[in-house]
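Shown next, in structure tokens, is the structure this report addresses.
Read the figures in this text as sums done on the coordinates, not as results from a lab. Please read all numbers here as calculations on a predicted model, not as lab measurements. Counting neighbours? That spans all protein chains shown, and the Cβs are built from the backbone with ideal geometry, glycine included.
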Amino acid sequence: MFSSISRTITGIAVATSLTITGAAYANPSMLKTFQFDHPIFQHPHPFATSHMVIQISGNDPAIWSLALNNAENALKLLGNDQTQIVLVAFGPGLHMLLPNSPVADRINALNKSGVEFDACNNTLQAMARALGHVPKLVPQAMIVPAGIVRIVQLESHGFSYIKP
């Protein structure tokens, strides 16, 4: 009997693990390719002369709008081809990248302009444990191993840090 219960518990644990891990890969992901010394991007900007990383760590739609305004203004003033912008969402800020976010349409428009939206896998997995499933993200979100590590990586490669 113990063996049967043990197999059942193991089976449930494996199924849960696969569900949480599998769903996280619905979006593009850097989980297997992340190398601190060699940043990769969903939208490479080989001719960019300005590089910005914008931190999104709060669950506040007003701050999200401000961050998106910052990105839009930078693109208008500096030009799409000369400007590389990565928004990194982690902690409560990951709510910005959920499909029902009040800024989801703006994310889509800015993504088409070459702005990258990175989602912290550590936060995603914490949310999955709390919810019992990995929350769905907007399709434009790129999953990175850790939001704060992504910010440090980009800063170490010349990106200007912005926190609205």
query: Which ³J(HN,Hα) values in Hz, rounded to whole numbers, follow from the phi angles of region 105-119 under the Karplus curve 6.51 cos²θ - 1.76 cosθ + 1.60, where θ = phi - 60° and Gly and Pro get x?
result: 5, 5, 4, 4, 5, 5, 4, 5, 8, x, 7, 9, 10, 9, 10
message: With a cut-off of 8 Å between alpha carbons and a minimum separation of six or more residues, what is the relative contact order of region 2-162 in percent?
response: 31
statement: Residue-ordered couplings for region 129-140, obtained by feeding phi - 60° into the Karplus form 6.51 cos²θ - 1.76 cosθ + 1.60 and rounding to whole Hz (Gly and Pro as x), are 5, 6, 8, x, 7, 6, x, 6, 10, 4, x, 6
task: For region 61-135, state what percent of all Cα-Cα pairs lands in each successive 10 Å bin, counting from 0 Å until the bin that includes the largest distance.
output: 19, 48, 26, 7, 1
Normalised per residue, the volume of the convex hull around the Cα set of region 2-162 (Å³): 108
In Hz, Karplus ³J(HN,Hα) per residue of region 95-104 (6.51, -1.76, 1.60; θ = phi - 60°; x = Gly, Pro): 4, 4, 9, 7, x, 8, 4, x, 10, 4
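Mind sorting HIS45, HIS38, HIS157 by how few other Cβ atoms lie within 10 Å of their own Cβ, fewest first?
HIS38, HIS157, HIS45
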message: Please report the spacing between the Cα centers of region 47-82 and region 92-164 in Å, no decimals.
response: 13
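On a full-extension model of 0.36 nm per residue, what is the gain between ASN69 and ALA146, subtracting their alpha-carbon distance, rounded to one decimal in nm? Mind dumping the intermediate values first?
Values: separation 77, 0.36 × 77 = 27.72 nm, distance 2.45 nm.
Extending this stretch completely gives an extra 25.3 nm.
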message: Suppose the chain between SER160 and ASN59 were pulled fully straight at 0.36 nm per residue; how much longer would it get relative to their current alpha carbon spacing?
response: 34.1 nm
- prompt: If you take the beta carbon distance between THR33 and HIS133 as r and set R0 to 25 Å, what does 1/(1 + (r/R0)^6) give as a FRET efficiency, to the nearest 0.05?
  reply: 0.50
